[in-house]
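Enquirer: Below is the structure I would like to discuss, written out as structure tokens.
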């Protein structure tokens, strides 16, 4: 049972400002971590997951429309990027690699008797590393620019105390 004389705890504007700034930092930082190694990919993914959960929880409590607007922008960034752009770009990347990769290394591994799948895959990856890196950069560079732009634009608007004009936009 709650005591009606005690007001529920609310987050102050300065705390909401700091939280939104932190979330913009988490979103941008998580993208940077995706480019380093497997450990940082996992760390960035965990931080981004915590960030999106926090954004959802705080959006419900946000009394100030400014902060609710920025939290909406961050939530949309997460879902548009993670549920739309990344899967679509991954399919494009996979398609390009399937048609462009040199599979002769795999055939050679099997024909020489080194026919384990692990060795064949390793040889194909070694033979195609420059192609894989180049196509990956070409396909994911626009997404990365889009993600950083949304983080930068949102943070800049938050810093001057303005809302995002259309927080539900894709751009």
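Enquirer: Among the residues of the range 140-171, write down those that are surrounded by 15 or more Cβ atoms within 10 Å (Cβ to Cβ) and either in a loop (DSSP other than H, G, I, E, B) or within 15 Å of the chain's Cα centre (by Cα) (or both).
Expert: Within the range 140-171, 140, 143, 144, 146, 147, 150, 151, 163, 164, 167 meet the criteria.
Enquirer: Which members of the range 68-103 meet the condition of being over 24 Å from the mean Cα position of the chain (by Cα) and surrounded by fewer than 12 Cβ atoms within 10 Å (Cβ to Cβ)?
Expert: If the condition is that a residue be over 24 Å from the mean Cα position of the chain (by Cα) and surrounded by fewer than 12 Cβ atoms within 10 Å (Cβ to Cβ), then 98, 99, 102 are the ones that fit.
Enquirer: Can you list residue pairs whose Cβ atoms sit under 8 Å apart, with the first residue in the range 150-171 being at negative phi and the second being in a loop (DSSP other than H, G, I, E, B) and modelled with pLDDT of 90 or more? Count only pairs 6 or more apart in sequence or on different chains.
Expert: 153/164; 154/164; 157/163; 157/164
Enquirer: Now for a separate question. Go through the range 53-67 and give me each residue that's within 13 Å of residue 23 (Cβ to Cβ) and surrounded by 18 or more Cβ atoms within 10 Å (Cβ to Cβ).
Expert: 55, 58, 62, 67
Enquirer: Of the conditions (1) within 18 Å of residue 168 (Cβ to Cβ); (2) at pLDDT 95 or above; (3) in contact with a helix residue (DSSP H, G or I) (Cβ under 8 Å, 6 or more places away or on another chain), residue 85 satisfies every one except a single condition; which number is it?
Expert: Failed condition: (2).
Enquirer: Give me the pairs: first residue in the range 12-40 and on the phi < 0 side of the Ramachandran plot and without any contact (Cβ under 8 Å) to a residue 24 or more places away in the chain, second residue part of a helix (DSSP H, G or I) and buried (at least 18 other Cβ atoms within 10 Å of the Cβ), beta-carbon distance under 6 Å, and six or more apart or on different chains, which are they?
Expert: These pairs meet every condition: 30/44; 30/48; 33/44; 34/44; 40/33.
Enquirer: Taking the condition exposed (fewer than 14 other Cβ atoms within 10 Å of the Cβ), at pLDDT below 80, at negative phi and part of a helix (DSSP H, G or I), does residue 50 pass?
Expert: no
Enquirer: When you check residue 122 against the structure, is it modelled with pLDDT of 90 or more, surrounded by 13 or more Cβ atoms within 10 Å (Cβ to Cβ) and part of a helix (DSSP H, G or I), yes or no?
Expert: For residue 122, the condition - modelled with pLDDT of 90 or more, surrounded by 13 or more Cβ atoms within 10 Å (Cβ to Cβ) and part of a helix (DSSP H, G or I) - is not met.
The values are calculated or read from the model by the stated rules, or taken from the named source; none is laboratory data. Not measured: the values here are computed from a predicted model. Every residue, glycine as well, gets a Cβ built from its backbone with ideal geometry; the counts of neighbours run over all protein chains shown.
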